[in-house]
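Student: Following this message is one structure expressed as structure tokens.
The values are calculated or read from the model by the stated rules, or taken from the named source; none is laboratory data. In this text, all values refer to a predicted model and were calculated from it rather than measured experimentally. Cβ coordinates were reconstructed from backbone atoms using ideal geometry, including for glycine residues, and neighbour counts include every protein chain displayed. The accessibility values were calculated without ligands, DNA or RNA, using every heavy atom of the protein model including side chains. Shrake-Rupley method; radii C 1.70, N 1.55, O 1.52, S 1.80 Å.
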Amino acid sequence: VKAAPDYQGHGPHQIALNQTVRHRWMEPNKGEARVPDQWRFTVPADTGVRIDLTAKMSATLLYDGTKVADFTGGESWRGNLVAGDYVLQVESRRPNNRFDYRVGIFSDALVSGETRMISAPADLVVAIGSDDPFELYSFGAQDVRAQLYDKDGKMIAQNDERLDDWNFFISQQLAPAHYRLHIDPVGSVTAATAVTLRL
């Protein structure tokens with residue numbers, strides 16, 4: 001959990017995917033309008049998303065100014081989102097000044113700018129959102145290899161180790177879509193490593 005207790009005011013604040021932050025809800029002064037806290041985030045590619053929000057809070061999710069969903073905290077909201085910029089408006093369901101809450105936004109697929117810890121053998125869904133060249137690579141103390149497959153199960157790239165290293169490295173240019181990355185340990189039954197996707 002990446003905590004940011006120093007966030008102040010209603011925002012807008014920026015929140016990264018796969019991050020949980022803390023914030024304090026403040027009721028307005030007497031006679032002032034109630035204004036939701038605003039959290040902006042970017043979805044780099046079409047993917048399923050989970051949003052966690054503390055109970056006693058409510059939220060409205062907006063895309064390009066259009067409402068996507070209303071939901072209340074306490075249970076995770078799930079939905080499929082297209083690539084783009086979003087705003088999450090959050091407020092206490094009832095007057096509750098100085099109430100501390102948490103909000104977290106998590107992508108189902110590995111998206112650009114993200115790193116995930118995995119235990120190989122493992123499969124990751126990789127969401128590519130543009131036709132820009134990208135890099136997929138691992139970083140860890142154990143040897144791993146990887147194969148990248150398209151939606152039809154055709155292997156389109158593979159790598160065992162980069163030069164002078166046991167981590168895999170795949171550099172490719174592909175059409176925006178979802179792909180499957182399979183990671184295997186080499187020389188052991190399992191292997192822990194971090195996998196990163198970067199444009």
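Student: Given an 8 Å cut-off on Cα distances and at least 6 residues of separation, report the relative contact order of region 46-199 as a percent. Intermediate values should be presented prior to the final figure.
Tutor: Values: 370 pairs, mean separation 38.7, N = 154.
Reported relative contact order: 25 percent.
Student: Note down the net charge around H23, summing +1 for each Lys or Arg and -1 for each Asp or Glu among other residues with Cβ under 9 Å from its Cβ.
Tutor: +1
Student: With all protein chains present, how much of the accessible area of the chain (probe radius 1.4 Å) comes from carbon and sulfur, to the nearest whole percent? Let's see the in-between values first.
Tutor: Details: 5170 of 10820 Å².
The computed percentage sits at 48.
Student: For R98 and K67, what does the FRET efficiency come to when R0 = 35 Å and r is the distance between their Cβ atoms, rounded to the nearest 0.05?
Tutor: Numbers: r = 28 Å, r/R0 = 0.80.
So the FRET efficiency works out to roughly 0.80.
Student: Sticking with this structure for a sec: Straight-line reach from K151: which aspartates and glutamates have a Cα under 14 Å away, not including same-chain ones fewer than 8 places off?
Tutor: D123
Student: Just one of (1) 66, 32, 25; (2) 42, 41, 33; (3) 46, 40, 32 is Cα extents along the principal axes in Å as worked out from the coordinates here. Which one is it?
Tutor: (1)
Student: For the residue pair F139 and A55, what label-to-label distance in nm results when each label sits 7 Å from Cα along the Cα-to-beta-carbon direction?
Tutor: 3.9 nm
Student: Determine the per residue accessible area of the chain with all protein chains present and a 1.4 angstrom probe, expressed in square angstrom.
Tutor: Numbers: 10820 Å² over 199 residues.
That works out to 54 Å² for each residue.
Student: Next up: Could you tell me the extents of region 1-105's C-alpha atoms along the three principal axes, largest first, rounded to whole Å?
Tutor: 42, 29, 23
Student: Can you pull the one-decimal nm distance between simple spin-label points at A33 and D123, each 7 Å off the Cα toward Cβ?
Tutor: Calculated label separation equals 5.0 nm.
Student: Return the FRET efficiency for the residue pair H182, Q19: r is the Cβ-Cβ distance, R0 is 25 Å, and the value is rounded to the nearest 0.05. The partial results should precede the final answer.
Tutor: Numbers: r = 27 Å, r/R0 = 1.06.
E(calc), rounded to 0.05, equals 0.40.
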